[in-house]
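Read the structure below first, then the notes.
Please treat every number below as a calculation from the coordinates, not as lab data. The structure displayed is predicted, hence computed values, not measured ones. Ideal geometry is used to build each Cβ from the backbone, glycine not excepted, and the neighbour counts take in all protein chains shown.
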Amino acid sequence: MFKLILITKKKLKEKIMKKIIIAILMTFGIFTMVSADIGVKLGVSAQIGSMETSGKETSSDGTTETSQTEEALFGTAGFFIEKDLAFLPGPFARLSIGYDNIVHDLDLGTQNNIREASLGAAGAVTASTDHSLNAKITGFETLYATINITDWLYVKAGSVTVDVDAKFSGSATSSYATGHSLDGTVLGFGVEKSSDNGMFFRLEYNDYSIDGKSVTNAGTDSKFTATLNDVSGSTGRVSIGKAF
């Protein structure tokens, strides 16, 4: 009986060990598949830069409030994912495509404008009115491509989509749409340092050009149009990530 118990314990121990070994092998197999060179890079970025734009409000009689130019410093944080095109022939194998997204809102501040009583159709506005517009970016996405000039130097080009949430306040008969989408382009270059374990570090310069937009007053008074001119600026970015 004692001998039977020992044999049973021995077989049980062997089964447990086999299961442990199988589990370890499966774990290593999964790890190997994940760690294989599939040409994908994941990373996070922080950037700081400045943007410049100007805007104006035009009335139906052709009168235009003075166009004002604004320049602002800002900082952002986001993430990106890239896939290389190493399977393509020749120099095309140096290409990569990527997606970048800023993960937080960006407050653009508030602009005030005094609309004079003489603007618009006769009798439409009887007194000067203080108007203000607050805007913030609620989405900033970039689709881009990079090409490696050397093992450490690359250039970048892409298209940008910016979602802007605007809040207008002023006369009771004036209002503007609150949600807007702007399109633009980005051009840049950067340097990258990679390690044997797949970790990489980047320094990057980007130049942005974003199209402006005109919005017509949706209120009941005389027709006014608010215009945001093209937005331009540049940023410096630092990134860290992992290649798989």
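Cβ-to-Cβ counts within 10 Å put Phe140, Phe92 in ascending order as Phe92, Phe140, the fewest first.
In this label model, Thr178 and Ala86 are separated by 4.8 nm, measuring between points 7 Å along each Cα→Cβ vector.
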